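Report on the structure given below.
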Amino acid sequence: MGGIFRDFFDRNGAGLGIFLLVVVGFWVVILIILPQLSMLDFSFRHHLPPPEMGGPKDTYTIEHYKYLVLGAPGADTSYNVVDLGVFGRTLIAALFVTILDLVLCYPLAYYLGQSKGGGFVRVLVLLLIIPYWINEILRAFAFRIIFGESGVINEVLLTMGLIGSPIDFIRANIALYAGLGYAYILLMIFPIYNVIESLDRNQIEAARDMGAPWWRIHWRIVIPYAKPGISSGCTMVFMLSAGALAAPQILGGPSSLWFTQIIYQWFNQGGNWPRGAAFAIVLLLTCIVIVLSMMRLFKVKIGDIGK
Amino acid sequence: MKSESYLLKFFLVAYLVVFFGYLLGPLFVMSITAFNSPGFPRMTPWECLTFEWFDVLAEDDRIIEGIKNSFIIGIGTVILSVIMGLAGALLLTQIWPKLRATYYTVVIAPILIPGVVLGISTLVFWDRINIMLGFTSDSLFNNGIFLTILGQSTFIASYCMLVFIARLQRFDTGLTEAALDLGATNVQAFRKILLPFMKPAIGSAAVLAFLASFENYNTTTFTFGKFPTLTIELAQKVRYGINPSISALAFIIIVLTLIGALAYEIYRRRQQLALANGAPLSAVSGGFQLPRIFRGNPAAVIMVLLALGGFSTIWFAQTYSPTECKLDVREQKRIIQNQRILEIQQQRQLQQQQKLLQGPDIFGGKKAPAAPGNTTRPQNPGKGSFGNIFAPKNLDKTGPKD
Amino acid sequence: MSKGVDVNLENVWIRFGEFVAVREANVNIKGGEFFSFLGPSGCGKTTILRAVSGFLEPSDGTIKIGGKDMAGIGPNKRPTALIFQNLALFPLMKVWENITFSLEVQGVGKADRRKRADELLEMIALSDQGEKLPSELSGGQKQRVAIARALCAEPDVLLLDEPLSALDLKLRQHMRTELREIQQRVGITFIYITHDQGEALTMSDKVAVMRAGIIDQIADGKSVYDDPATPFVASFVGENNVFRGKVKSIDGDMALIDTNRSGTLLARMASAAKGTLKVGDNAMMFIRPEACKIATDTSPAHNRLTAKVKNEEFEGQIYNVFLEGSEGKEIKMSLVNIGQQRLSARGSDLTLEYAPEQAVALPAGDLASE
């Protein structure tokens, strides 16, 4: 171990070496690891007013986790149907958003990756990026304008006489899915695009030359090659939509909550921080498990993420 | 064979249209609503062209305050995350190979951790530190700006690090060795060789960090304390009733973004041109020519058109007054409403006649029409809150459908 | 300019974990010498260079430059300058800034640096190119800038890591001459790394031939070529026909080898074989293609072989003739093109002969893989 440190300081010199270690140490320990651990610790504490913290009543408990599974003591159902239901619905909806984005983005990523660059493609890429320089809230808000009861779509459909009364897109969660899908398009497109860009065009030509139809070319050549990009994109989109807060708050229907909204409520309206922390831990662990199993399933390494 | 390729081309074009319609349509619609006079942002029906929402925006102190906070936090986050991201990337290239995968997992994790969780953990951690150290609740560790910068930097530094790693992969470590060999100290080699090489990446990481910080909601919503950022203010407004001044802000941001993108494109083109033509561009003599920057540069032309459009719009906005049009619309609505009131009254009378006076008229024929129509009347914007009348279920259902 | 100084490697071992990159290297390089390390890729020659320049510490042994032990002295403190394989010119600095970088880090003022840069630019005949970026120069120009940059530091020892490998053939040959000239002009020690024997033989005062971390031979170019110390050197430097067999008898400098497939043949004992190669030992003998001639006298002798012509290649200055001896033994012969007609039809039988002094006998050992 000592040798490693000596090499490190030999390479960087003392000043720079110490600087690097301190900065990275601050980031990794103070910003990443300790807050997560303290949140974990906090989630096992009772909900106490500040003066009693650290007092005799401040003991460890699993009441908050119990609450998530079993509900409030004395509730009429034996499980916490509401919160668990929201949790499950959030994950399924996030999965749906992921699939939606994949289907929507794969063709464009392929087209961009295989075209030889040029002005048109540059314009397309610019058009792709520009919407993401605009605030997340405003993007969600735009969908509210479009899908609202007196929004553009309803107005157009009504004028054309296709429907008799406005459709409640917000209650049907269509606005939410459209908004979430919109929010993470870039995160799906760029990983896939980066991989496909490096695919040798001759492979596709060879397959075509051997008489493969287009769908087989994709199934046997392009998709297997693009797998790291696809799974990296899917992982990010899934995680971010499961953890999204803004879009569900703005576009979610009155009857459907997102799990993050429940956490938010425990912090802001409920004022029960330990319970919110416990819920956040559950969300974090679930996401980690899902990501790890996705990576195992598709045989992708962590190093492929973020390329 | 031929027809198949036409079909393919058709599908491609159709797909591109749908895709970019999905991508850009919402921004377009939102921009349009900034110029329509109804109190709730909407594109249809078109009532009156107005610029009043920009005035409303300029007078909204909370938005202005939010922008200020966003800038302070954004600058802090840029500094912190660029430094941490750069150090993280440099360490990654040097770390003991056995530790590398673990290290990479740890520093990339903040990207995958839900932003909500990052916000909560930052809040909880520093709150506990504060209690442990016995500070009061208004100490630095409970300060919204401090917490938000730390919370955002946790994951924005990972984004920056990815930018730096991509750049570092193209760095030839031989250059550093060459510098050392020529007598440079480690610090000199870092400052004179590696840093200049990383400069473009530092620039793009800083821009990325600033944008990410500016638009962050999930983390900030837990940490902002007494210093709401623009995004937080926007979210509050969007959730609890809004008027088109938000659209006006969106329009301004979209225009700024477009200008930024075009400027960048022009800069790139010029660089490429300079590179392609060798060192100095030799001037071609004779005849009228567009200034050099415009030649073969549609982006520049578009930018100038945009600027001209902007100026003329501002001039137009100064002179144009939508009052008359609004009065017209109000008058029209009044007529329609009166018609409706009449219709309803007639219906009531009909019903009452059919029921043959079965009981006293508790529903008060005159009160009934007052509720609908209420929300469609153009309001004086910017005066106080709208309460919850714009929540989805309360949205006007009786607006004119013509 | 500074006088060249000695470089001594004493018992140097370099290990990376389990892997031994350099094994017990003992090298004495005299001041002002042009010294080459020659070997296939992965033989450890670059590792030695990096140890001399200070980028890595030997696991064992000492490296002395100018008689001074270099242990613990970093690359920026050693009197060496390294020219990298890819040159490592700083892409964001102008040519003149590149050249005077060593002065810049010493804090020399800009005007002085500029003056020195102009001197060096003149020396490498690039006087008006100082303001350009390295990317705007041609391959040969970059090469010369790299040399100027290294010389600007006024090193006592210049280390060159295959600096010519990226150039095309013509330019490479031209740069060989130029490098040699510069070396003679500045008079400092050059240590040159290459896998190209042509470079090593033409430029060097001395060549060290390396194989898998071991230095097989240190000698001047002619000795390495004509009097190899091991079968590896014989087969790596230049081309050679190899005959395996046993020593039948030894008479003074000459040995009679009973080869496996080609009968008994006579060869000179290499200097390294004297005293170690005994009657009955496994031996290898080497005959260079250019040492073979077509015999006019076809009667059997210990310096004659019969073979069938398989193929013939015309290379310009020489003909290469590929032959098949008894039991399929492959033999290559090179004949200088002196205007003769093609001498042989495919399938015709020939008798070859060679001067026994030009054939070399060595104890059997590893050959350089093809």
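Quick rundown of the values:
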quantity: Matching entry among B:LEU168, B:LEU180, B:LEU147, B:LEU162 (being surrounded by 18 or more Cβ atoms within 10 Å (Cβ to Cβ), at pLDDT 85 or above and either over 24 Å from B:VAL106 (Cβ atoms) or touching a strand residue (DSSP E or B) at 6+ places or on another chain (Cβ under 8 Å) (or both)); calculated: B:LEU180
quantity: Single match in A:ALA246, A:ALA242 (criterion: modelled with pLDDT of 85 or more and assigned by TED's automatic domain parsing to the domain that holds A:ALA175); calculated: A:ALA242
quantity: Conditions (1) over 30 Å from B:LYS226 (Cα atoms); (2) more than 13 Å from chain A (Cβ to nearest Cβ); number of the one not met by B:LEU99; calculated: (2)
quantity: Count - residues of segment C:231-264 that are assigned to a strand (DSSP E or B) and closer than 21 Å to C:HIS195 by Cβ; calculated: 1
quantity: Residue count, segment B:165-189 (criterion: within 12 Å of chain A (Cβ to nearest Cβ) and touching a Leu at 6+ places or on another chain (Cβ under 8 Å)); calculated: 6
quantity: Tally of residues being touching a residue at least 40 places away in the same chain (Cβ under 8 Å) and over 21 Å from C:ASN8 (Cβ atoms) across segment C:149-181; calculated: 11
quantity: Residue in segment C:145-161 that is farther than 30 Å from C:LYS45 by Cβ and surrounded by fewer than 17 Cβ atoms within 10 Å (Cβ to Cβ) present; calculated: no
quantity: Of all residues making up segment C:158-188, the number that are outside any helix (DSSP H, G or I) and touching a helix residue (DSSP H, G or I) at 6+ places or on another chain (Cβ under 9 Å); calculated: 12
quantity: Tally of residues being surrounded by fewer than 24 Cβ atoms within 10 Å (Cβ to Cβ) and over 30 Å from C:MET123 (Cα atoms) across segment C:183-214; calculated: 4
quantity: Cross-chain or 6+ apart pairs with Cβ under 6 Å, segment B:220-237 first and closer than 18 Å to B:LEU118 by Cβ, then among the acidic types (Asp, Glu); calculated: B:THR231/B:GLU215
quantity: Residue within segment A:95-105 that is under 20 Å from the mean Cα position of the chain (by Cα), among the aromatic types (Phe, Trp, Tyr), more than 18 Å from A:GLU197 (Cα to Cα) and at pLDDT 80 or above present; calculated: yes
quantity: Segments classed as helices (runs of 4 or more DSSP H), wholly inside segment A:11-91, with at least 1 members that are modelled with pLDDT of 75 or more and touching a Pro at 6+ places or on another chain (Cβ under 7 Å); calculated: A:34-42, A:63-70
quantity: Filtered residue count, segment A:15-44, keeping only those that are within 12 Å of A:ILE281 (Cβ to Cβ) and more than 7 Å from chain B (Cβ to nearest Cβ); calculated: 5
quantity: Count of residues meeting criterion [surrounded by 17 or more Cβ atoms within 10 Å (Cβ to Cβ) and either part of a loop (DSSP other than H, G, I, E, B) or among the hydroxyl-bearing types (Ser, Thr, Tyr) (or both)] in segment C:304-326; calculated: 2
quantity: Of all residues making up segment C:13-41, the number that are hydrophobic (A, V, I, L, M, F, W, C) and in contact with an Asp or Glu (Cβ under 7 Å, 6 or more places away or on another chain); calculated: 4
quantity: Residue list for segment B:122-138, restricted to those being without any contact (Cβ under 8 Å) to a residue 24 or more places away in the chain and touching a helix residue (DSSP H, G or I) at 6+ places or on another chain (Cβ under 6 Å); calculated: B:VAL124, B:PHE125, B:ARG128, B:ILE129, B:ASN130
quantity: Residue count for segment A:244-293, restricted to those that are assigned to a helix (DSSP H, G or I) and either facing chain B (nearest Cβ under 10 Å) or under 20 Å from A:ILE62 (Cβ atoms) (or both); calculated: 32
quantity: Evaluation of C:SER348 against (1) at pLDDT 85 or above; (2) hydroxyl-bearing (Ser, Thr, Tyr); (3) exposed (fewer than 14 other Cβ atoms within 10 Å of the Cβ) (one fails), failing number; calculated: (1)
quantity: Wholly enclosed helices (runs of 4 or more DSSP H) of segment A:100-217 bearing at least 2 residues surrounded by 17 or more Cβ atoms within 10 Å (Cβ to Cβ), at the interface with chain B (Cβ under 7 Å from one of its Cβ atoms) and among the aromatic types (Phe, Trp, Tyr); calculated: A:136-147
quantity: Residue check for C:ILE318: touching a residue at least 12 places away in the same chain (Cβ under 8 Å) and closer than 19 Å to C:PHE232 by Cα; calculated: no
quantity: Any chance B:GLY85 is away from chain A (no Cβ under 11 Å), within 24 Å of B:TYR159 (Cα to Cα) and small (Gly, Ala, Ser); calculated: no
quantity: The lone exception for B:ALA205 - which of (1) closer than 28 Å to C:ALA148 by Cα; (2) more than 7 Å from every other protein chain (Cβ to nearest Cβ); (3) surrounded by 21 or more Cβ atoms within 10 Å (Cβ to Cβ); (4) not hydroxyl-bearing (Ser, Thr, Tyr) it fails; calculated: (1)
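The values are calculated or read from the model by the stated rules, or taken from the named source; none is laboratory data. None of these values were measured; they are calculated from a predicted model. Reconstructed Cβ throughout: ideal geometry from the backbone, glycine too, with neighbour counts over all protein chains shown.
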